Each structure stands twice: as structure tokens, then as C-alpha cells.
Amino acid sequence: MVVKAEAAPGAPRSVTILGSTGSVGTQTVDLVARDPERFPVEALTANRNVALLAKQARDLKARLAVVADPAAYAELKDLLSGTGIEVAAGAEAVAAAAAERPADWVMAAIVGAAGLEPTLAAVRRGAIVAFANKEVLVCAGSLMMEEVKAHGATLLPVDSEHSAIYQVFDFERTDSVTRLILTASGGPFRTRDRAFMAAATREQAVAHPTWDMGAKISVDSATMMNKGLELIEAHFLFGIPEERIDVLVHPQSVIHSLVEYVDGSVLAQLGTPDMRTPIAYALGWPARIATPAERLDLVKAATLTFEAPDPVRFPALRLARAALQSGGGAPTILSAANEVAVQAFLDRRIGFLDIERIVEETLTALPHRPLRDLAAVREADADARRVAAGRIQAIGATAVGSR
Ligand code: NDP
């Protein structure tokens with residue numbers, strides 16, 4: 001991870017938010033709106049939620065608003081007419097917003113591999129990139145980290161676990177780090193058996209016990225694939241091999257992750273489960289900025305508990321570890337197949353346990369070729385989506401009945 005010379009604390013920092021209408025995006029908007037002088041907004045982007053995007057653009061006096069879905073262009077233009085805010089549409093326009101707008105700081109909060117090009121565009125401009133969009137690092141980890149180095153960009157993790165590690169990781173003496181310990185809430189099915197999970201509905205899967213998040217990451221938390229993706233993300237961000245990254249289930253989500261050092265010391269970052277804390281850490285970095293997040297009261301929390309993850313009930317973690325060990329395009333395939341399967345589950349086309357099955361079958365069906373360039377990433381991603389879609393169709397043919 002490349003760290004730039006420190007900016008003057010409190011100096012204005014222009015901002016672009018990719019995925020401003022999502023869960024991370026709206027929480028970033030909330031923080032930016034508290035100090036508009038310090039955080040002038042260049043561009044905001046969404047997929048198709050034009051009503052919210054237009055409101056945010058007006059409220060924050062953004063220079064540009066971009067919607068990825070071209071069909072939503074006319075409505076966005078209409079909603080912003082007379083404001084002087086530029087409007088654009090299409091996937092290329094989202095990437096161009098990251099590439100051509102001179103924002104000092106870019107929040108990468110698009111969900112899924114759709115964030116690859118825009119995030120890369122910000123990295124290639126040498127921006128400070130606040131990085132929430134973990135699928136990008138999972139699908140193109142080595143290439144992305146090479147680009148970060150080559151362009152002198154700064155990658156600041158936003159995932160609460162990686163932000164925690166970043167805050168206690170000794171970048172000067174990486175040899176002294178022996179283990180990373182990623183904490184996991186365990187998700188809504190932590191205490192449920194496989195029979196319950198087999199019949200789980202969309203509503204049950206997205207009802208996360210401690211975090212309020214977008215639909216995709218909520219389902220990933222329920223399968224624990226989220227922790228698998230985070231393990232891969234941590235490997236690329238901190239350069240620690242897979243066998244030295246542990247996962248620890250901690251249902252209260254107070255300790256956000258830990259770093260173990262060679263002398264036996266273990267350093268952790270704690271806080272209430274509020275994404276505005278890690279977002280603010282990245283937004284203000286290297287200074288800290290105030291947030292309205294509830295303060296941690298350890299007397300009130302009283303008991304913090306820990307469990308080992310159950311590999312039998314939650315095989316997604318094993319699949320992610322195996323993909324990282326296999327290397328090459330395996331994590332790309334894992335992430336793409338998972339994206340397609342989670343969407344099918346959210347659309348009620350498959351059952352909850354079909355998600356892990358589809359991911360495993362897709363990983364088995366495809367070769368894990370080395371990823372020499374972005375074209376290879378796109379190919380592995382497209383192949384995985386095709387195979388996963390075929391599996392979903394086959395499941396659909398055997399009827400999902402009441403789902
Ligand atoms: P959401 O689904 O809430 O938001 C996703 C955002 O991306 C929305 O602005 C959406 O626009 C936009 N988007 C979706 N598809 C596309 C596309 N094809 N092209 C361009 N923009 C698109 O997701 P979250 O905010 O929950 O998560 C975002 C990322 O951050 C994910 O990678 C997630 O894993 C990660 N993350 C999220 C956390 C959380 O607390 N939510 C915590 C840690 C990491 P629209 O609204 O128009 O659909």
C-alpha cells in the first residue's frame with residue numbers, strides 16, 4: 001500500500017463518490033454534507049436511483065451527476081435542469097467521472113465488479129481512493145495493487161475490518177506482523193442449522209444483526225462469503241499470506257479486527273458498528289474528523305464473546321481460502337459466480353444454499369488461468385457469470401415453488 005506525503009490537516013479536499021446512492025455512499029454523503037467548505041463535491045454516481053442522485057447533487061452542489069443506466073439519463077437531466085450541474089449516463093461516463101474529474105479523494109462504493117473500471121480510473125490518476133468496493137480487489141487484486149504503486153495512488157480501506165487493521169498495522173516493520181485476525185459478526189444465521197438455511201427467505205438473509213448494509217453484502221454476510229471476500233481483500237491490501245489470516249466470530253461487532261505481532265502483542269481497533277467511523281477515517285486521513293457515531297460504552301457492552309467459524313455450516317469461507325490458494329483467476333471466478341448467485345437469490349430464483357453450490361460448481365468447471373492483464377480478468381469474470389447463469393437456469397428448471 002502506497003502512502004502519500006501527508007496533506008495539511010484541515011485543508012480542503014475535493015471529493016467524488018462512486019455509488020453515492022448506496023449504503024456506504026449515503027453515509028459518505030452524510031459526512032461530506034457536514035463540512036461542505038472542506039469537502040467540495042466534484043462528481044456523484046449511481047446505477048439508476050436518479051431521484052436520490054439528483055437530490056444529493058443539488059444538496060452538495062456537485063459539478064457532475066452520472067447515472068450508469070443510460071435509460072435513466074432523461075429523467076436525471078430533467079431533475080437537474082436549471083441547476084448548472086452537468087449530467088451524463090452510461091458505464092463509460094461513470095469511469096470518466098473518476099478519471100477526468102480532478103477530485104483529490106474518491107470513494108469507491110459501487111457494488112460488485114462493475115466498480116473495476118471506475119476504481120482503476122481513480123487509481124491511475126493517483127488519487128486518494130477510499131476503498132469499500134471489495135469485489136474489485138478480489139477480482140483483480142495483484143493487478144490493482146500494481147497500478148496503485150505505479151501511479152502513486154493511496155488506497156485507504158473502508159471495510160470496517162480492514163480500516164481497523166490499517167489503523168494498527170506497522171507498515172514500517174511488516175516483518176513484525178505475524179497474523180491478521182478478521183472479526184465477523186457471524187451474520188443472521190450464526191446459530192441456525194443447515195435445514196433452516198435451506199428454507200431461508202430473502203428477508204431473513206438481509207436482516208443483519210449488527211450492520212445496516214446493501215442487499216448484496218447482507219446476503220454475503222449470511223453465507224459468510226463476505227468474510228471470504230474480506231480475507232482475499234486483506235491478503236492483497238496488507239501483503240499477508242492466506243495461512244496467516246484468521247477469522248474470528250465476534251457477534252457484538254465491537255472489535256473490528258486485530259493484528260498480532262511477533263512479540264505476542266495483539267493490537268485492535270474498537271467502536272460501535274457504524275460505517276461512518278471507518279468512512280470518516282478515510283475521509284479525514286491522515287487527520288481524524290468528528291462523526292455522530294454512537295460512542296462505545298464497554299460497561300454497557302459488558303460481554304464480548306468469540307467463536308471459531310463453523311466450516312460445515314458456512315463452507316463459503318473454505319471456498320474463498322481455496323480460491324486464494326489456487327491463485328490466478330480463481331478469486332475472480334469466485335466473486336463473479338457469487339455475484340450472479342446472490343442476485344438470483346435476491347430475485348427469488350434460487351434457494352439460499354444454492355449460492356454456495358453455484359460458486360463451488362463454477363470454480364470447479366473453469367480453469368484457474370493466470371491473470372496477466374485486465375483483459376484476462378474480464379474474460380474470467382465473463383466465463384464465471386456464464387457458467388453460474390447456466391447453473392441457475394438448471395435449478396430454475398427444477399422449480400423453486402413458493403420462494
Ligand atoms: P448498495 O447496494 O447499497 O449500493 C451500491 C451502489 O452502487 C449504489 O449507489 C448503486 O446505485 C451503485 N451501483 C450498483 N450497480 C452499479 C453499476 N452496475 N454501475 C454503477 N453503479 C452501480 O451497496 P453497499 O453500499 O452496501 O456496498 C457497496 C460496496 O461497499 C460493496 O462492495 C460492499 O461489499 C462494500 N461494503 C459495504 C459496507 C456497508 O456497510 N454497506 C461495509 C463494507 C464494505 P443505485 O442506488 O442507483 O442502484
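Each value in this text was obtained by applying a stated rule to the coordinates, not by laboratory testing. Quantities reported herein were computed from a predicted structural model and do not represent experimental measurements. With ideal geometry, Cβ positions are generated from the backbone for all residues, glycine too; neighbour counts draw on all protein chains shown.
Quickly estimate the mean residue ellipticity at 222 nm for the chain, helices only: each DSSP H run with n ≥ 4 gives -39500 (n - 2.57), and the total goes over all residues, rounded to 500. Before the final figure, lay out each step's value.
Values: 17 runs with 187 residues, N = 403.
It comes out at -14000 deg cm²/dmol, rounded to the nearest 500.
Taken about its Cα centre, segment 162-235 carries a charge dipole of about 340 debye when Lys and Arg each add +1 at the Cβ and Asp and Glu each add -1 at the Cβ. Only the Cβ atoms of Lys and Arg (+1) and of Asp and Glu (-1) were treated as charged; on that basis the dipole of the chain about its Cα centre amounts to roughly 580 debye.
Positive-end ranking of Q393, T210, A301 along the dipole of the chain, with charges on Cβ about the Cα centre, is headed by Q393. Under 29 Å of direct C-alpha separation, and excluding same-chain neighbours fewer than eight residues apart, K149 reaches these lysines: K4, K134, K227.
Evaluating 6.51 cos²θ - 1.76 cosθ + 1.60 at θ = phi - 60° for every residue in segment 148-160, the Karplus couplings come out as 4, 5, 4, 9, x, 7, 10, 9, 10, x, 10, 3, 4 Hz, glycine and proline recorded as x. Counting only lysines at least 8 places from K77 when in the same chain, those with an alpha carbon closer than 28 Å to its own are K55, K61.
So for each of 113-121, 239-247, 267-275, 316-324 I average, over its residues, the number of other beta carbons within 10 Å; can you give me the resulting order with the highest mean first?
Per-residue Cβ counts within 10 Å, averaged per peptide and sorted highest first, yield 113-121, 316-324, 267-275, 239-247.
Converting phi to 3J(HN,Hα) with the Karplus coefficients 6.51, -1.76 and 1.60 and the offset θ = phi - 60°, segment 316-333 yields 4, 5, 5, 4, 5, 4, 5, 5, 5, 5, 5, x, x, x, 4, x, 4, 5 Hz in sequence order, with x at every glycine or proline.
Taking amide hydrogens as placed 1.01 Å from N in the peptide plane, the amide H of L248 sits under 5 Å from those of L182, T183, A184, each at least 5 positions away in sequence or on another chain. Global size of segment 230-338: 16.5, 47 Å for Rg and Dmax (C-alpha atoms, Rg to one decimal, Dmax whole).
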